[in-house]
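Scroll down for the structure; my scribbles are underneath it.
The values are calculated or read from the model by the stated rules, or taken from the named source; none is laboratory data. Since we're looking at a predicted model, the values are computed, not measured. Please note: Cβ atoms are built from the backbone with ideal geometry, for glycine as well, and neighbour counts cover all protein chains shown. Only protein heavy atoms, including side chains, enter the accessible area calculation; ligands, DNA and RNA are left aside. Shrake-Rupley method; radii C 1.70, N 1.55, O 1.52, S 1.80 Å.
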Amino acid sequence: MKDTIIAVSRIDAKTFRRFAYFDTYRLKKRYRAPLGFLALMLVFSLCCIFLAADKPQARMIGVVLLAVGLLLPLAYFLTFELSVRTQTREMKQPRKVYTLTLGDELQISAANGKEQVKLPWNKVYGAYRLPGCIYLYAHPTKAFLLPDGQASVAPDEVFAFLQTHIGEKRTQDCRLSKAAPIVPDDHSMR
């Protein structure tokens, strides 16, 4: 394993889109609040429609609660999708965004050459490996993308380097399937 790895990150629309969905829905689980709201409004709606059906306008209130419960989460997800589309519209071609130097510490240089940050490995939040890219989180709200093939070594070596310097508990290989391996029983071999 090399002592220093240099990665010049060029980000395109597809890479950014995959990161945005991973960060928002898988890592931060921001789908839970809208779906919880939908479930709550559905329960209130059903209570109004079926349990309070003898009250005047209970069904209308139930329908309004159901509509609000459906429309607000839908608006949340649609707004997120439109935001990602707006951000990726300008990313037709991959462009150099920053250079990461992985050595005794993490060093980040912006593409314009004016900004440079050094961060000790014990301050790095974590790293996640997905198909085609490694997401290196310097902070829970700040990630750097290392697309495969853009570092001075192979992606497996980059992730092994990160596991060594960040630690096994703060790195996760999300490419691995969580399903149990299929083991044939003796009867299927006949």
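Using +1 on the beta carbon of Lys and Arg, -1 on that of Asp and Glu, and nothing else charged, what's the dipole of the chain about the Cα centre, debye to 20? Before the final figure, lay out each step's value.
Working: 27 positive and 16 negative charges, 125 e Å.
In debye, rounded to 20, the chain gives about 600.
If you take every DSSP beta bridge fully contained in the chain, what fraction is antiparallel? Give it as a percent rounded to 5.
So the antiparallel bridges amount to about 90 percent of the total.
Please give the per residue volume of the convex hull enclosing the alpha carbon atoms of the stretch 1-91, rounded to a whole number of Å³.
Here the figure is 100 Å³ per residue.
How much length is gained on full extension from Leu71 to Lys96, taking 0.36 nm per residue of separation minus their Cα-Cα distance?
5.1 nm
Could you sort out which of Lys114/Lys142; Lys118/Lys142; Lys29/Lys96; Lys14/Lys118; Lys28/Lys92; Lys96/Lys123 sit more than 23 Å apart by Cα distance in this structure?
Those over the limit are Lys29/Lys96; Lys14/Lys118; Lys28/Lys92; Lys96/Lys123.
If you roll a 1.4 Å probe over the heavy atoms of the protein chains, what accessible area per residue do you get for the chain, in Å²?
I get 65 Å² per residue for the chain.
Above 19 Å lies some portion of the pair distances; for the stretch 88-157, what is it as a whole percent of all C-alpha pairs?
37 percent
Given the C-alpha atoms of the chain, compute the convex hull and give its volume per residue in Å³.
Roughly 223 Å³ of hull volume per residue.
Kindly express, to the nearest 10 degrees and within the range 0 to 90, the angle between helix 58-88's C-alpha long axis and the longest C-alpha principal axis of the chain.
Once rounded, one gets 20 degrees.
Can you tell me the 0 to 90 degree angle between the C-alpha axis of helix 155-166 and the longest principal axis of the chain, rounded to 10?
Once rounded, one gets 80 degrees.
Roughly speaking, to the nearest percent, how much of the stretch 31-167's 1.4 Å accessible area is carbon and sulfur?
62 percent
Run the helix sum for the chain: -39,500 (n - 2.57) per DSSP H stretch of 4+ residues, divided by residue count, reported at 222 nm to the nearest 500 deg cm²/dmol.
-12000 deg cm²/dmol
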